[in-house]
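Here the structure is laid out as structure tokens; the discussion comes afterwards.
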Amino acid sequence: MSRNAKFRVWRGDAAGGELHDYTVEVNEGEVVLDIIHRLQATQAGDLAVRWNCKAGKCGSCSAEINGRPRLLCMTRMSTFTDDEVITVTPMRSFPVIRDLVTDVSFNYQKARQIPAFAPPPDLAPGEYRMQQVDVERSQEFRKCIECFLCQNVCHVVRDHEENKTAFSGPRFFIRAAELDMHPLDARTDRREFAQAEQGIGMCNITKCCTEVCPEHIKITDNAIIPMKERVVDRKYDPLVWLGNKLFRRGND
Amino acid sequence: MSDHEEHRYDVLIVGAGGAGLRAAIAAREEGLRVAIICKSLFGKAHTVMAEGGIAASMGNVNSNDSWQVHFRDTMRGGKFLNIPRMAELHAQEAPQRVWELETYGALFDRTPDGRISQRNFGGHEYPRLAHVGDRTGLELIRTLQQKIVSLRQAEELAAVGADAAAGGGHETLDDTDAGLRVFAEVTITELLTDGSGAIAGAFGYRRETGTFIVFRAPAVILATGGIGKSFKVTSNSWEYTGDGHALALRAGSTLINMEFVQFHPTGMVWPPSVKGILVTESVRGDGGVLRNSEGKRFMFNYVPEIFRAKYADTEEEGDRWYADPENNLRPPELLPRDEVARAINSEVKAGRGTEHGGVFLDVSTRLPADVIIKKLPSMHHQFYELADVDITKQAMEVGPTCHYVMGGVEVDPDTAAARNVPGLFAAGEVSGGMHGSNRLGGNSLSDLLVFGRRAGVGAAEYVRGLGDSVPEIQDGALDVAANEALAPFQPPADGGIGENPYTIHRELQEVMNDLVGIIRREDEVQRALEAIDALKLRVPGVSVEGHRQFNPGWHLALDLRNMLLVSECVARAALLRQESRGGHTRDDYPGMNSQWRRKLLVCSINDGDAAEPAGITVTEEPSPVIREDLLALFDRSELESYLTADELPADTTASGGAT
């Protein structure tokens, strides 16, 4: 059942690099990550790649396969024809560290800017009561495995490095939506924050993030659009928002 | 030593899964300056793979549940080899640890009255596992990750006052000043001690650059997880190379229960590239059944005597139990994992396996498709994407996979302090004793939370007790650690091409899988030890290509030492224990022996000599005595199947709960 496949893998670092050609064995049922591992074990011991769970649950092995952002562990070799050359490159929107590994620290910085869940001050641990139907909206967004493929494909930053300062990206819009829709979150300014601080207004709803999401989270329809609409509904006023934030500071 | 960075903290936490993060939260809330080491990126730890849930006797679904019942189930699951104080603390504190997660923002599935829903799981008498579909581990890791972020934000707010608050919480606190800092993609290769053997710090490297990093800290909490990467078929990720186990050994501490390795009964078996990936026990907890190639629900033939009174005799009764647990006994598919794994193994050996060497796990004929997708979304996704199987229409093929090591660092139950090494603590899978010879599903996530917190508090007490006399790293230790870490870049002395680390790893995995796997025999374990000795001699000849920046070959070469050390622990302890109990099954000693229950096998490192590289010494020590009030929770007849005559309570009329 085994055959040989032609792979082109980008090798290099921040200073530059190029595609390297490999011919490598492929067996039935394998995924692209298996082939990368076989290259490591037999032809390129120092080929850098991130991976952990190999089951689509940890979101570590994001890369671009024939130009399409994918998880290496969830891309089956049977989706390619036998004579197809398979090109594997690092995610384009993040700086390369080495080979397929990129510097994704942008995402961790953005994560730290979102005010955390604010527990309701009048409820002790064990007293929380929420209905399943109410938690499900936020649970959809908490399925996120932080593969950052949505961040990688988003037009706002993919070819516009300069937008990264003002724009948090789809992964963190769903974080904002998750907190906004959390039945017991004590803050009421999540939507305003998304507008004023996360740059949700820069999103032009092309849905690339939704299409690429391996967890099939409806990022655009269920998170971004509601967050945009509701901000508009409220006729957002930065001064009122600032006042709310200062007033609520004691609860943080 | 040049080319390195140095940091000073009160406590260094090695590992950023559930135990490490919970320890960090506790230590930070105690006022310590805390560094967290992640081997991978922040939020990718193996905890993320946990599917079923967190066991805690909140009694939300069945109000008969209590910590005593949970304790009893845990001891039964571990075949009474558990350190009883650990099982007691775990059962008592788990509910509080789960409720606390809600205050961090966790969103568990709910009961109709709005409380945290709890599901059935193998070995648990009542529905006990708090869960989020079948992605509970992801929820746990994300919740703790976000709590860590919030502690950092609180510190920033405190540091810069109202102006920053008005600015929207932008980062204003410098990393080096922060009281809590995450070091992602750093691997610790050695613990460093002072002249007396107390912890003084740790040495490691950054994956991204290959440069060295030194931590000076009087307390280290190990939270590195397990050892599964020493086995060929495993549900564990590349990180699970026994680092914490090996670090503790080399620092002078001890490991217990290393012969007990849990083979989860249901891993994927096809296609080969996914062999070993976990299929959650929730499939069975929610109604899935195991069938052999003849279509028979074979588990009814495998109920051991000690569990016979608690499990259904017929399919009809087992099926009624899901709807009416008060008046029916549970189906035997929900026996503890060791029993189910052995049963599957036997069916396949007897020629009643599937085409690919497993058995069928079927939920498609048991539940409507929409319920399956709702309750088991990631299993549906996993099989659909990786195996072309639609679990709402077809049965899954499953077989045992190396999943968890019960053994680990010998710790004080209350403080998580490791034996022999002041300042060293351990929590989670890297610690030993909590689960005895076999862990119940759901008891891992609760273990992480209960003992992670205890380790954080224990480390804080220790550090405060030191006052100004903080242990300092011995002279020369950094150079030794650096030379050791760079050894794989040295060309082989004989001028050849050197050993490939991937080859040695593969050979070790085959040895452990084939010779020290789910069923063991004296001659096979002996052969494994000979093979491990031979591999140990080859490791110094390992040579890697390329340079130090993000070089997986180099990383593996360094991990190999740890894997060989823990593999030797498993094999040596497995050879000594001449009985079958939980995650240790000896073909040549098939019965459970209550004399062996009284013994713990304790592993420590020996120095070796010119002819023999350093190796493992195993000594027998007595198991701790189970307190009378804890024994009183069991029927005497049940105790008789585990304890020796002289251990049984004097009063024969005493028979407590077990109703």
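The numbers here are math on the coordinates, done by the rules we state, and not lab data. Keep in mind the model is a prediction, meaning the values are calculated, not measured. Cβ sites come from the backbone with ideal geometry, for glycine too, and all protein chains shown count toward neighbours.
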>> In Å, what Kirkwood hydrodynamic radius results for segment A:105-251 from the alpha-carbon pair distances?
In response: 15.9
> Over chain A, how many percent of alpha carbon pairs lie in each 10 Å bin up to the one with the longest distance?
Replying inline: 7, 27, 29, 20, 12, 5, 1
>> Beyond 19 Å, how much of the Cα-Cα pair distribution for segment B:477-529 remains, as a whole percent?
In response: 54
> Helix B:337-349: angle to the longest alpha-carbon principal axis of chain B, degrees 0 to 90, nearest 10?
Replying inline: 70
>> Over 5 Å intervals from 0, what percent of Cα-Cα pairs in segment B:347-398 sits in each interval?
In response: 5, 21, 27, 21, 13, 10, 3, 0
>> Take B:ARG464 and B:ASN327, extend 7 Å from each Cα along the Cα→Cβ direction, and tell me the distance between the two endpoints in nm.
In response: 5.5
> Based on the inverse mean of 1/r over its pairs of different Cα atoms, what is the Kirkwood hydrodynamic radius of segment B:419-563, in Å?
Replying inline: 19.1
> Do any cysteines in the protein assembly as shown lack another Cys Cβ under 4.7 Å, and if so which?
Replying inline: A:CYS61, A:CYS73, A:CYS144, A:CYS147, A:CYS154, A:CYS203, A:CYS208, A:CYS213, B:CYS38, B:CYS402
> Distances over 19 Å make up what percent of all Cα-Cα pairs in segment B:502-659?
Replying inline: 65
> Rounded to two decimals, what is Rg over Rh for segment B:171-297 when you use alpha-carbon atoms and the Kirkwood radius?
Replying inline: 1.12
>> Residue by residue through B:547-556, how many Cβ atoms from other chains fall within 10 Å of the Cβ on average?
In response: 6
>> Could you check the spin-label model distance between A:LYS218 and B:ASP635? Points 7 Å from the Cα along Cα→Cβ, value in nm.
In response: 5.3
>> Using the alpha carbons of segment B:498-571, what is the convex hull volume per residue in cubic angstrom, as a whole number?
In response: 74
> Rg and Dmax of segment B:77-160 over Cα atoms: what are they, in angstrom?
Replying inline: 16.2, 54
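Find out how many positive minus negative residues lie around B:THR211, taking Lys and Arg as positive, Asp and Glu as negative, among other residues whose Cβ is under 15 Å from that of B:THR211.
In short, -2.
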> If you place +1 on the Cβ of every Lys and Arg, -1 on the Cβ of every Asp and Glu, and leave all else neutral, what size is the dipole of segment A:105-251 about its Cα centre, to the nearest 20 Debye?
Replying inline: 220
> Which value at 222 nm does chain B reach when only helices count, each DSSP H run of 4 or more adding -39,500 (n - 2.57), with the total divided by all residues and rounded to the nearest 500 deg cm²/dmol?
Replying inline: -11000 deg cm²/dmol
> Looking at the protein assembly as shown, what % of the alpha carbon pairs are farther apart than 39 Å?
Replying inline: 39
> How far is helix A:132-142 tilted off the main Cα axis of chain A, in degrees rounded to 10, range 0 to 90?
Replying inline: 50
> So, in Å, what gap is there between the alpha-carbon centers of segment B:456-484 and segment B:106-128?
Replying inline: 42
> How far is helix B:443-466 tilted, in degrees, relative to the longest principal axis of the Cα atoms in chain B, given as a value from 0 to 90 rounded to the nearest 10?
Replying inline: 30
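Order these by the 10 Å Cβ neighbour count, fewest first: B:VAL283, B:VAL463.
Fewest-to-most ranking of B:VAL283, B:VAL463: B:VAL463, B:VAL283.
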> What is the distance in Å between the Cα centres of segment B:8-31 and segment B:303-327?
Replying inline: 43
>> Whole angstrom only: what separates the Cα centroid of segment A:101-150 from the Cα centroid of segment B:347-385?
In response: 31
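For B:ILE605, A:ILE35, what's the fewest-to-most ordering of other Cβ within 10 Å of each Cβ?
B:ILE605, A:ILE35
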>> Taking R0 as 22 Å, what FRET efficiency do you get between B:GLU472 and B:HIS4 from their Cβ-Cβ distance, rounded to the nearest 0.05?
In response: 0.85
> Around A:GLN131, with a cut-off of 10 angstrom between Cβ atoms, what is the net charge of the other residues, counting Lys and Arg +1 and Asp and Glu -1?
Replying inline: -1
> Could you give the length gained on full extension between B:HIS356 and B:ASN301, defined as 0.36 nm per residue of separation minus the Cα-Cα distance, in nm?
Replying inline: 17.5 nm
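Compute, for segment B:226-383, the length of the dipole vector about the Cα centre, with Cβ point charges of +1 (Lys, Arg) and -1 (Asp, Glu) only. Units Debye, rounded to 20.
Rounded to the nearest 20 debye, it is 480 debye.
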>> Taking every pair of distinct Cα atoms and averaging 1/r, then inverting, what Kirkwood hydrodynamic radius in Å comes out for segment A:3-101?
In response: 13.4
> Of B:LYS44, A:LYS207, how do they rank once you tally other Cβ atoms within 10 Å and put the fewest first?
Replying inline: A:LYS207, B:LYS44
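Between rounded, prolate and oblate, where does segment B:92-229 land on the alpha carbon gyration tensor, with a ≥ b ≥ c its root eigenvalues, rounded for a/c under 1.5, else prolate if a/b exceeds b/c?
The shape class here is oblate.
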> Short version: what are the Cα gyration tensor semi-axes of chain B, square root of 5 times each eigenvalue, largest first, in whole Å?
Replying inline: 38, 30, 26
> Whole number please: convex hull volume per residue of the Cα set in segment B:302-343, in Å³?
Replying inline: 67
> Can you give the mean number of other chain Cβ atoms that lie within 10 Å of the Cβ atoms in peptide B:36-47?
Replying inline: 4
>> Cross-link candidates for B:LYS79: which lysines have Cα within less than 19 Å, leaving aside residues fewer than 8 places away along the same chain?
In response: B:LYS310, B:LYS599
